[in-house]
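Visitor: Mind having a look at this structure? Questions to follow.
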Amino acid sequence: MDQEPRAVPEARESLPPLTQPSGQLDKLAGLYRQMFLIRRVEEECARAYAEGKIGGFLHLYIGQEAVAVGALAALRHDDYVMTTYRDHGMALAKGMSARTLMAELWGKQTGCSQGLGGSMHLFDAKNSMLGGYGIVGGHIPLAAGVAFASKYRADGKVTLCFFGEGAVSIGGFHEGLSLAALWKLPIVFICENNEYSMGTPLSRSMSVEDVSMKALGYGIDRDRFFVDDVLEVEKRIGEAVQRARELSLPTLVEVRTYRFRGHSMSDPAKYRTKDELELQKKKDPLARARQKLVADGYGDARLEQMEKEIEAEVADAVKFADESPEPDASILEATTYVGPFAS
């Protein structure tokens, strides 16, 4: 959908040489870049929503960026991803451009679904991003179906299915895991446990806090960890992806994370204290990745240059969304009906 050329970044300033071997630093820097892009896009989405440029619901991914970026780093480009309505970060990490994403949120024709899907239903077939879904837990059996198709076609692809801890009590969760276990499907179920099902804390929504234990009832592998390092996310999810790809076996992974904003833009998040929020912000994986890069010799100058380029990319995406046309009546038939039918 990118119909206009991207803004050209300013020429790089002369930077000092790396003081550490570049391989691992460059890898972490690339992951940091994705996380920072997601953070800045989400912050600009919040601003645009407050200005009335985005309508409907808006669920921000601020604080959870390391989950999407780390998990998708373990995939091939053609592997499938399905997630919830908190889908902006996942779409960007899977390869959707900031321009295309912003235009969709603005309801513009240059968006990924011509402005007709909106925030909760981002879809990008080219990048194997098979959607955000608005029904809690409703997409989990669908993801099992995608994995079944991969196994049937023997295409070697893996499906990642993301959901929140609130979906664990939904029937679709159990149906999806049951089928995946029975048919030995190449899928990884990832519970992004951000500790609040909308505004309900874990203590009031789950009898057993360890979501990964649900795997025991289906005889599948499980894992559970707290997110503070994006590289650790890649490693742990990578193990489950390898199991799915090489052995066609599913895994349930509980990833404990935290969102810094309310459930949606309409949620002031008064169910938690300021002290709790500030404590969690000190563990921010985005900030930790930056600190590690500086400590290991990547250098502030390189990071500042990178962040400057991302600021320009986000500003360009906002401008693109603002200036893109609204969808018109010409797309109504094609986006409502299938056809024409062959005689």
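Visitor: For segment 60-86, enumerate the residues that are buried (at least 24 other Cβ atoms within 10 Å of the Cβ), in contact with an Asp or Glu (Cβ under 9 Å, 6 or more places away or on another chain) and under 16 Å from ALA147 (Cα atoms).
Guide: THR83
Visitor: Additional query: Take segment 38-73 and flag every residue that is under 21 Å from SER324 (Cα atoms) and part of a helix (DSSP H, G or I).
Guide: ARG40, VAL41, GLU42, GLU43, GLU44, CYS45, ALA46, ARG47, ALA48, TYR49, ALA50
Visitor: Let me ask something else. If I filter segment 228-248 down to residues being over 23 Å from the mean Cα position of the chain (by Cα) and under 25 Å from ALA93 (Cα atoms), which single residue comes out as surrounded by the fewest Cβ atoms within 10 Å (Cβ to Cβ)? First the steps, then the outcome.
Guide: Taking segment 228-248 first, the residues over 23 Å from the mean Cα position of the chain (by Cα) are 246-248.
Filter once more, so that each one left must be under 25 Å from ALA93 (Cα atoms): 246, 248.
On the way: GLU246: 11, SER248: 18.
Here the answer is GLU246.
Visitor: Name the residue, out of PHE225, PHE189, that is surrounded by fewer than 17 Cβ atoms within 10 Å (Cβ to Cβ), modelled with pLDDT of 95 or more and not in a loop (DSSP other than H, G, I, E, B). Talk me through it step by step, then tell me what you get.
Guide: Details: PHE189 fails: surrounded by fewer than 17 Cβ atoms within 10 Å (Cβ to Cβ).
Answer to the selection: PHE225.
Visitor: Moving on. With respect to the numbered conditions (1) modelled with pLDDT of 95 or more; (2) touching a Phe, Trp or Tyr at 6+ places or on another chain (Cβ under 7 Å), which one is the sole condition not fulfilled by PRO285?
Guide: Exception for PRO285: condition (2).
Visitor: To continue, here is another question. Considering only residues that are in contact (Cβ under 8 Å) with a residue 60 or more places away in the chain and either of a type in the set (A, V, I, L, M) or buried (at least 24 other Cβ atoms within 10 Å of the Cβ) (or both), which ones fall in segment 87-99? Can you show your working first?
Guide: Filtering segment 87-99 down to residues in contact (Cβ under 8 Å) with a residue 60 or more places away in the chain leaves 90, 97-99.
Of everything in segment 87-99, those that are in contact (Cβ under 8 Å) with a residue 60 or more places away in the chain and either of a type in the set (A, V, I, L, M) or buried (at least 24 other Cβ atoms within 10 Å of the Cβ) (or both) turn out to be MET90, ALA98, ARG99.
Visitor: Quick one: is LEU286 among the aliphatic types (A, V, I, L, M), surrounded by 16 or more Cβ atoms within 10 Å (Cβ to Cβ) and under 21 Å from the mean Cα position of the chain (by Cα)?
Guide: So LEU286 fits the description; yes.
This table checks each residue for (1) free of Cβ contacts under 8 Å to residues at least 60 places away in the same chain; (2) surrounded by fewer than 24 Cβ atoms within 10 Å (Cβ to Cβ).
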| residue | (1), (2) |
| --- | --- |
| HIS139 | yes, no |
| GLY156 | no, yes |
| LEU160 | no, no |
| GLY171 | yes, yes |
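Visitor: Hey, another quick one. Name the helices (runs of 4 or more DSSP H) wholly inside segment 279-343 in which the number of residues that are more than 30 Å from GLN114 (Cβ to Cβ) is 2 or more.
Guide: Qualifying helices (runs of 4 or more DSSP H): 285-295, 300-323.
Visitor: Let me spell it out: the conditions are (1) surrounded by 13 or more Cβ atoms within 10 Å (Cβ to Cβ); (2) out of contact with any Ser or Thr (no Cβ under 6 Å at 6 or more places or on another chain), and THR273 meets all of them except one. Which number is the exception?
Guide: (1)
Visitor: Continuing with the same structure: Going through segment 208-239 one residue at a time, which ones are without any contact (Cβ under 8 Å) to a residue 60 or more places away in the chain and touching a Ser or Thr at 6+ places or on another chain (Cβ under 7 Å)?
Guide: TYR218, ILE220, ASP221, ARG222, ASP223, ARG224
Visitor: Next question. May I ask you to verify whether TYR271 is touching a residue at least 60 places away in the same chain (Cβ under 8 Å), in contact with a helix residue (DSSP H, G or I) (Cβ under 9 Å, 6 or more places away or on another chain) and part of a loop (DSSP other than H, G, I, E, B)? Walk me through it before giving the result.
Guide: Numbers: touching a residue at least 60 places away in the same chain (Cβ under 8 Å): yes; in contact with a helix residue (DSSP H, G or I) (Cβ under 9 Å, 6 or more places away or on another chain): no; part of a loop (DSSP other than H, G, I, E, B): yes.
So TYR271 does not fit the description; no.
Visitor: Right, next: Can you tell me which residue in segment 106-126 is surrounded by the fewest Cβ atoms within 10 Å (Cβ to Cβ), limited to those that are more than 15 Å from ASP87 (Cβ to Cβ) and charged (D, E, K, R)?
Guide: Initially, segment 106-126 is screened for residues more than 15 Å from ASP87 (Cβ to Cβ), giving 106-110, 114-116, 126.
Within this subset, residues satisfying the condition of being charged (D, E, K, R) are 108, 126.
Working: LYS108: 21, LYS126: 11.
In this case the residue turns out to be LYS126.
Visitor: Does ARG259 qualify as being at pLDDT below 95, in a loop (DSSP other than H, G, I, E, B) and more than 21 Å from ILE140 (Cα to Cα)? Reasoning before the result, please.
Guide: Values: at pLDDT below 95: yes; in a loop (DSSP other than H, G, I, E, B): yes; more than 21 Å from ILE140 (Cα to Cα): yes.
Yes.
Visitor: Looking at (1) crowded, with 18+ Cβ neighbours inside 10 Å; (2) part of a helix (DSSP H, G or I); (3) out of contact with any Phe, Trp or Tyr (no Cβ under 7 Å at 6 or more places or on another chain), can you tell me which one LEU182 breaks?
Guide: So LEU182 meets the others, but not (1).
The values are calculated or read from the model by the stated rules, or taken from the named source; none is laboratory data. This structure is a prediction, so every number in the text was calculated from the model and none was measured. All Cβ positions, even for glycine, are placed from backbone atoms using ideal geometry, and neighbour counts span all protein chains on display.
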